[in-house]
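Okay, so here's the structure we're looking at.
The values are calculated or read from the model by the stated rules, or taken from the named source; none is laboratory data. Keep in mind that this is a model prediction, so the values were computed, not measured. Every residue, glycine among them, receives a Cβ derived from its backbone with ideal geometry; neighbour counts consider all protein chains shown. The area values use the complete protein model at the heavy-atom level, side chains included, leaving out ligands, DNA and RNA. Shrake-Rupley method; radii C 1.70, N 1.55, O 1.52, S 1.80 Å.
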Amino acid sequence: MTTRVGAYVFMGAAFMSTTVLYELLRSLEQNVKMSATFVYGILGALSFIPKIINSVKTIRAVGLMRGEVLSFWSPKLYFKAISQALIWSNNLAMAMTSHGFEEGESRSYHRLFPTKVSGWLIIGVVMLLIQYCLFVIKLW
């Protein structure tokens, strides 16, 4: 089981290295019918990563000004960062609502990401080859 999980992770990583994350998520939303709420939530969370890094640096600097060293393991650091993230998540939800995002509603797309039959065939063949290789390895 571990080898299969490793193989799927490796295959996913190889796929991700050739695709822009935004395009991959939008394509999954349009073609595989992944939840739009989930896709926009992931994109929103990923857009906050630079803000979170800067916020943690600011929290540490403020702590040093008060004579507190907030290390990587410090619960105060995590509590303050989580409280800041909750504020950002609320702001993101309000922004999505103000831009007309409603869960379950039909959506129009600025850019379409059509799938090709050849792409599905390549994915199927690669998955079958991985399964076959794992089966042969299991028999040894």
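With angles folded into 0 to 90 degrees, how steeply does helix 75-98 sit against the dominant principal axis of the chain? Use alpha carbons for both and round to 10. Here the helix axis deviates by roughly 70 degrees. The Rg/Rh ratio of the chain, with both radii computed over alpha carbons and Rh defined as the Kirkwood radius, is 1.11.
In order along region 48-61, phi translates into HN-Hα couplings of 8, 4, x, 5, 5, 4, 5, 5, 5, 4, 5, 4, 5, 5 Hz, rounded to whole numbers, per the Karplus curve 6.51 cos²θ - 1.76 cosθ + 1.60 with θ = phi - 60° and x for Gly and Pro. Take every Cα pair under 8 Å whose residues are at least 6 apart in sequence, average their separation, divide by the length of the chain, and the relative contact order is 31 percent. What does the charge add up to near residue 63, with Lys and Arg as +1, Asp and Glu as -1, over the other residues with Cβ less than 15 Å from its Cβ? Net of charged neighbours comes to +4.
Within straight-line reach of residue 76, meaning a Cα separation under 19 Å, sit the following aspartates and glutamates at least 8 residues removed in sequence or on another chain: 68.
Suppose all protein chains stay in the model; what accessible area per residue would a 1.4 Å probe give for the chain, in Å²?
About 78 Å² of surface per residue is accessible.
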